[in-house]
């Protein structure tokens, strides 16, 4: 993997850990229990050392793995990917709104220039 990508992933992981730490500190300060994060994926035994990874919200099977450890690792990987893609979606929405505002402002500026440029 590219060293720059590895470095950015390490920085993002450190930031995620800091956010979870500060969240737990906040709950300690206000005297409430921290809510439990429910996993998105369950590992379900199918028999003969075969395990299925099922998404909790939809019940859709995400894949079968041999061995409980392999299935748990796959569920953890899917969990990390889901967190990553939800963050990317939020970032792309922000970028889309920023581009829409920029386009509207630029078009208003062009209309203004056209209006004053048409004056004799």
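Which label belongs to the value computed from this structure, given these candidates for Rg/Rh (Cα atoms, Kirkwood Rh): (1) 0.94; (2) 1.24; (3) 0.96?
(2)
Figure the gain on full extension for residue 115 and residue 9 (residue separation times 0.36 nm, minus the Cα-Cα span) and round it to one decimal in nm.
Extending this stretch completely gives an extra 33.2 nm.
Would you mind calculating the relative contact order of region 1-61 from Cα pairs under 8 angstrom and at least 6 residues apart, reporting the percent as a whole number?
17 percent
Calculate how steeply helix 3-30 sits against the longest principal axis of the alpha-carbon atoms of the chain, using the helix alpha-carbon long axis, and give the answer as 0 to 90 degrees to the nearest 10.
It is inclined by approximately 80 degrees.
Counting alpha carbon pairs within less than 8 Å and at least 6 residues apart, what relative contact order, in whole percent, applies to region 39-120?
19 percent
All of the numbers you see were taken from the coordinates with simple rules; none came from a lab. Given the structure is predicted, the values throughout are model-derived calculations rather than measurements.
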